[in-house]
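Each remark here refers to the structure printed beneath this line.
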Amino acid sequence: MGFNLSDWGVRNGALTLFLIVMLGAAGAMAYLRLGRAEDPGFTIKVMVVTAQWPGATAEEMQRHVADPIESRLQDLPWLDRVETFTRPGQAAMTVVLRDTTPPREVQNLWYQVRKKVGDMRHMLPAGVIGPFFDDEYSDVWSAIYAVTGADNAELVRQAEALRARLLRVPGVDKVRIFGEQPQRIHVEVAHARLASLGLQPQAILDALARHNPVTPAGVVEGSATRLHLRVDGGFDGLAAVREVPVAANGRSLRLGDIAEVTRGFADPASSGIRQGGENAVLLAVAKQPGVNVLTLGQDLAAAMEAQRRVIPMGITVTQIVDQAHVVQESIAEFLMKFVAALGVVMLVSFLSLGFRAGIIVALSVPLTLAIVFLVMLATGMELERVTLGALILSLGLLVDDAIIAIEAMVVKLEEGWSRAKAATFAWTSTAGPMLSGTLVTVAGFLPVGFARSTAGEYAGGIFWVVGIALVASWLVAVLFTPWLGVKLLPSPKPGSHHDAYDGRGYRALRRLVGWAVDHRVAVISATLLVLVAGFAAMGQVRKQFFPTSARLELLVDINLRQGAGYAATLDAAQRIEQAIEGDPDARLVTTYLGQGSPRFFLALNPDLPNEAFAKIIVQARDVPARERLRDRLNALVADGLVPEARVRVSRLDFGPPVGFPVQFRIHGDDPAALRRAGEDVMAVMRATPGTRDVQLHWGERAPALRLELDRARVAELGLSPAQVASSLQLLLTGVTATQHREGNRLVDVVLRAPAAERLTTETLADLSLATPSGPVPLSQVARLLPEAEEPILYRRNREAYLTVRADVAPGLQGPDVSAAVRARLDPVIASLPVGLRIEAGGAAEESGKANAALFALFPVMIAVMLVLLMVQLRHFGRVALVLATAPLGIPGAAFALLALGAPFGFVALLGVIALAGMVMRNTQILVDQVRQDLEAGLDLRAAIVESTVRRTRPVLLTALAAVLAFIPLTLSVFWGPMAIAMIGGLTLATLATLLVVPALYALALPWRRAVGAGGLAVLVPAE
C-alpha cells in the first residue's frame, strides 16, 4: 500500500495540531505585515523626452528637433511607438514600449533612450535646450497636500520645510513639490528711452553680467596658511541691481534711473495650481514598494500635525489626496464581503453536512488563507484591489476540496466505517482526482497570470492568488481535514449503518440520470442548442474594457483653441470654479492650469504642458454626489458656461489608461488632408447613436505675425536678420542677462520693455531697433504680415495623425459604440486619398490588445489541462469527454450578464475563461469515479448512474458554496461583472454536468452487448 498523507496526519496527531497552530499564528503575522495599496503595481512603459528651441515654429520644431530624435529611437528594442507633440518652441516625445515588454527590461531601455539621444545631441540646431528625460512618469503619489495662504515664493519655502520633515517619515520614498513659479527680477526700459540716450540694449545686458560675477581672484600661499581672495560681487537684492552702472556715450548711468527694476514671477505664467480658489503649491508623497499605506498614512498624519504647529499664521495645508483612506475603505469592504462569503459557505456546510462537519469545513478556510498570506509575504505581493478580490473569489473555491473530503468521510461513517479508516478514505479515493481537478481549475486562470500585456500585468495577481489558494486548499483537505474529522465528527452509532444513497431524493436522481443515459442523443442535442443560444446571447452583451472606478473625483478637462494664452485659460477655469463654489456635493476643488495633475491614481495619465489647457479635479462627498455633480456640470457646459472652450467632465476608470472611450486616428502626411478627413469622420461619429461631444484633438490654425524684412535696408543699417530677431525678443519677451543667487534658488534677471509696449500689437511697428547709426523704427526695415500657422502638431512613429474622439452616452460602452461607428465608416475609408488611413483607438484598441494577449496563451492553457487530465485519466476518450464540457459555463454566463444588464469586459472575460477549468474539474472527478466503478466490476450504465448519484452531493455543495460566496462580489464595481458571469455560468454548468456528462459518457465510449445475469442485456465497456 502506498503512502497515505491523510493516514500520516491522523497517526501523528500532535504534530498535525502543532502545524495547525503554527500555520495560524504565522498566517496572522503575515497578514499584519503585508503591504497595502489601492491598485496593483504595474510597469507603465512610457518615457517623455522634451526639448525647447526658443523662436522656432511648430513645423521647425518637428522637422529639425523632433524628427532626428524620433529617427534615432526607431531601432530601440521593444519600441511600440513614439508620439510627438510639437508647438512653437517646444517638443515632447512620448516613448511607448510594447505591452509585451518584460518589466525587468524597462529601466535598461530607458538608459538606451538616454544614450541614443545623447549620442546625436550634436546634430540638433544651435540654441536647442535639452533634450530632457522623464522616466518617473509612472509614480503614483500616495498623499498630496495643498499649501495655500501666501505668494508662491513663501508657499515654496513652507513646502520645502514640510518636505524635509516628511522625508524622515518611515516608508516614504520621495516627496516632490509641484506648482513652483519661476521667480524673476524684471528690468524694464522703454525703447524710446534707450533711443534718446543712444544706449544699446546689449550695453545693459553686459553691465548686469559684469557686476554679478563668481570668478576666482587668486590664492595667497602663506608659510602656514593658504588664503583665498574674494572679490565683492554678486547681487544681494533689488537695490544692488538698481545701482549697476551702465556706460552710455562716455558717461555712466545708474540702471535704476533709466529702468524700472521689480521683483516678481515669470510673466506671462505658463502653469499654475489653485486650491479652493487660491493659488497653491502641492506637496506629493510616494511610498516605498511593499510599505503598508495604512501605516504610512497614520505616520504622515502625525508628522503633518506636528508640523502645523510651527507653520506661520495664514498658511493652510489641506490634504487633497489620501490613498490611505481609499485603501482603508477597500480593506473594510473586503472584510465585510469576506465575512459574508464565509458565512454563506458555513451555512451551506451546516445545512448539508451537519454542524460538526460544517465546523471542519469552516476551519479549513483560515488554514488555507494562512498559507496564502505567507506565500504572498514571501513573494512581495500586497493586499490591493486585485489580490483582495481574488481572495474573495478563492473563498468560493478553496472549500471545494474540504467539502469533498469531509463528505466522503461522512458517507463512510454512515456506512459503518471507523473514524480513522473513514478519514483516510479521501486520500485513496479522491486525492488524485481532487489534485488534478484543482490544478485544472488553476490552469483556467493561467492566461491572465502570464499575459504579456499591461492589462495582464494589472490583473495577473488573480492567477497567483487563486492558484496559491487552491493548491493550499488541497493540502489542507488531505492533511488537516481528516485529523479534524477524527476529532470532531461523531462516532457511528451501532446498528445505524445504511446505504447513504438510498433515500427518496437519490432514487429520483437515479431515475433522472438513467433517463439522460437512455436518451443521450436528445440530451446532447438540447445541450448543443443551449450552447448556440449562449454564444448568440454573449454577442448581445454590452462590451467594455475596464469599468468606471468608484473613486470620488471628477475630472473637468478644459481645452481652449490652440494658441490661447494663460490668462484666457485662467479666466475659463475660474468661471467653472465659481459655478462649483458652494455646491454641497463638492468637497474639494483643485485646478491645474497649463498642465495636468500629478498621478494620484494608477489609471490617470498626466497631461502634457499646454497653456491652452486646464484640468479641474472636484472631489465629491460620495458616489451619488459625484453623479449629481457630474450631471450639473454637463448641463452648465451645454448651456454655454464656457463657450470658447471644449469641456469634458469624466470619472476615473480602472485598468490601463485609455482616455476618450471612442477614438479613431487618421494617419497621413498632409495636415490639410487630415483635417478634411477628420471632418468626414466627425460627421459619421455625430450621426452614430450613442456618441457625445465628438471633437478633433487638434486641427484649428492659430494666428501669427510674420516679419517680412527688407534685407537690403537691414544690411545698409549694419544689421542682420538674427540681430533684428534678437532685438525684438529682448523688447517683447525679454532676455535673461544674469542670475541672482538666492539661497538654493537662481533668479533670472530679465531685461525687457514695459507692459504698455509689449502687450499690444498696435505699437509693434514703432519699436526702435538699435543700429550703429542710431535708433530706427521697425517699420522702416520690415512689414508685419498676419498669417495662420499650425500651433500644434502630432505625430506617431514619424507620421502625422489626427484623432477624432468622443464620449459615450450613459449606459453605453466604448467598444460597442466604436463598433457601431466603424460599421458606418466604410464610405469614408473608401474615399480617402492615397496615403491616408484610419485606425481604431480608445477602449476598442486597448481591449483588443489585452484580449489578444490572453488568447495567445490559450494553446498553453489547453496543453497544460490536457497533460493534467491525461496523467489522471490515462484515456483519450475520457480526456476528450472532459474537454467537451469546457464551454458549458458560457450560456449561463451570457444569460446572467444579459438579465442583470452587466457589461462583458476584461475582468468578466477572465471569469468566463476560468469557468472552463471549474466545469472540467467537476467533470473529471465524475469521470474518474466512473472509471473506479467500472474497475470494481459494475457494468457501464450502472457505473455512470451510480457514480453520478454519489458525486451529486459534493458537486452541488461545492458549486453552491462558490455561487453564494460570489454574491457579495456582485456589488463591487470592479468585480461585479466577473462574479455575475461566474454565478450564472457555474449554476447552469453544474446542473448540466449531472445530466450532460452521463449522456456524453454513454455516447462517447465504445459499447458492446453482453449478456448479464438472468439473460438480460447489459452495457459494458469495450476492452
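The values are calculated or read from the model by the stated rules, or taken from the named source; none is laboratory data. Note that this is a predicted model, so its numbers are computed, not measured. In this analysis, Cβ positions are derived from the backbone assuming ideal geometry, glycine residues included, and neighbour counts consider all displayed protein chains.
Would a scan of region 794-801 turn up a residue that is of a type outside the set (G, A, S) and without any contact (Cβ under 8 Å) to a residue 40 or more places away in the chain? Within region 794-801, none of the residues are of a type outside the set (G, A, S) and without any contact (Cβ under 8 Å) to a residue 40 or more places away in the chain. For region 368-375, state whether one or more residues are buried (at least 18 other Cβ atoms within 10 Å of the Cβ), of a type outside the set (S, T, N, Q) and modelled with pLDDT under 80. Taking every residue of region 368-375 in turn, none turns out to be buried (at least 18 other Cβ atoms within 10 Å of the Cβ), of a type outside the set (S, T, N, Q) and modelled with pLDDT under 80.
Of all the criteria given as (1) surrounded by fewer than 22 Cβ atoms within 10 Å (Cβ to Cβ); (2) touching a Ser or Thr at 6+ places or on another chain (Cβ under 6 Å), the one not satisfied by G877 is (2).
Counting only residues that are of a type in the set (A, V, I, L, M, F, W, C) and modelled with pLDDT under 90, which one in region 16-46 is farthest from the chain's Cα centre (by Cα)?
Looking only at region 16-46, we keep the residues that are of a type in the set (A, V, I, L, M, F, W, C), and these are 17-23, 25-26, 28-30, 32, 34, 37, 42, 44, 46.
Right, trim to modelled with pLDDT under 90 and you get 32, 34, 37, 42, 44, 46.
Numbers: L32: 26, L34: 22, A37: 13, F42: 8, I44: 8, V46: 13 Å.
Filtering region 16-46 for residues that are of a type in the set (A, V, I, L, M, F, W, C) and modelled with pLDDT under 90, the one farthest from the chain's Cα centre (by Cα) comes out as L32.
Listed by position, the strands (runs of 3 or more DSSP E) contained in region 611-723 that have at least 2 residues being among the β-branched types (V, I, T) and buried (at least 18 other Cβ atoms within 10 Å of the Cβ) are 613-620, 645-651, 662-667, 691-696.
Go over the candidates R878, R805, R837 one by one and state the one that is within 21 Å of the chain's Cα centre (by Cα) and basic (K, R). I'd like the intermediate steps shown before the answer.
Numbers: R878 fails: within 21 Å of the chain's Cα centre (by Cα); R837 fails: within 21 Å of the chain's Cα centre (by Cα).
Checking each option against the conditions leaves just R805.
Among residues of region 735-756 being farther than 19 Å from A239 by Cβ and surrounded by 21 or more Cβ atoms within 10 Å (Cβ to Cβ), the one that is nearest to the chain's Cα centre (by Cα) is R752. In region 1-78, counting only helices (runs of 4 or more DSSP H) that sit wholly within it, the ones holding 2 or more residues that are surrounded by fewer than 16 Cβ atoms within 10 Å (Cβ to Cβ) and in contact (Cβ under 8 Å) with a residue 60 or more places away in the chain span 13-33.
Where helices (runs of 4 or more DSSP H) fall entirely within region 449-565, those with at least 3 residues that are within 30 Å of L377 (Cα to Cα) and of a type outside the set (A, V, I, L, M, F, W, C) are at 454-459, 461-488.
Take the conditions (1) in a loop (DSSP other than H, G, I, E, B); (2) over 30 Å from I69 (Cα atoms); D139 misses just one of them, which is (2).
Here Y458 passes the criteria (1) of a type outside the set (D, E, K, R); (2) within 18 Å of S847 (Cα to Cα); (3) surrounded by fewer than 24 Cβ atoms within 10 Å (Cβ to Cβ) except the one numbered (3).
Taking first residues from region 334-348 that are over 8 Å from P968 (Cβ atoms) and in contact (Cβ under 8 Å) with a residue 60 or more places away in the chain and partners that are among the β-branched types (V, I, T) and not in a helix (DSSP H, G or I), the Cβ contacts under 7 Å between residues at least 6 apart in sequence or on separate chains come to V345/V399. Could you check, for region 175-184, whether at least one of its residues is surrounded by 16 or more Cβ atoms within 10 Å (Cβ to Cβ), within 19 Å of E757 (Cβ to Cβ), outside the structural domain of D748 (by TED's automatic domain parsing) and modelled with pLDDT under 90? Scanning region 175-184, I find at least one residue that is surrounded by 16 or more Cβ atoms within 10 Å (Cβ to Cβ), within 19 Å of E757 (Cβ to Cβ), outside the structural domain of D748 (by TED's automatic domain parsing) and modelled with pLDDT under 90, so the answer is yes. Scanning region 332-351 for residues that are hydrophobic (A, V, I, L, M, F, W, C), surrounded by 15 or more Cβ atoms within 10 Å (Cβ to Cβ) and within 20 Å of V293 (Cα to Cα) yields a single hit, F334.
For region 87-144, a residue qualifies if it is over 26 Å from the mean Cα position of the chain (by Cα) and β-branched (V, I, T), and the qualifying residues are V117, V128, I129. Summed over region 982-993, the residues that are modelled with pLDDT under 85 and either hydroxyl-bearing (S, T, Y) or closer than 14 Å to A943 by Cα (or both) give a count of 1. Restricting region 111-136 to residues that are part of a helix (DSSP H, G or I) and in contact (Cβ under 8 Å) with a residue 12 or more places away in the chain leaves a set whose member that is farthest from V175 (Cα to Cα) is M123. Every condition in (1) buried (at least 20 other Cβ atoms within 10 Å of the Cβ); (2) out of contact with any strand residue (DSSP E or B) (no Cβ under 8 Å at 6 or more places or on another chain); (3) of a type in the set (V, I, T) is met by V817 except one, and the failing one is (2).
Of everything in region 380-411 that is among the β-branched types (V, I, T) and under 24 Å from A332 (Cα atoms), the residue that is surrounded by the most Cβ atoms within 10 Å (Cβ to Cβ) is V399.
The requirement of being modelled with pLDDT of 80 or more, farther than 17 Å from L194 by Cβ and surrounded by 14 or more Cβ atoms within 10 Å (Cβ to Cβ) is fulfilled nowhere in region 244-252; no residue meets it.
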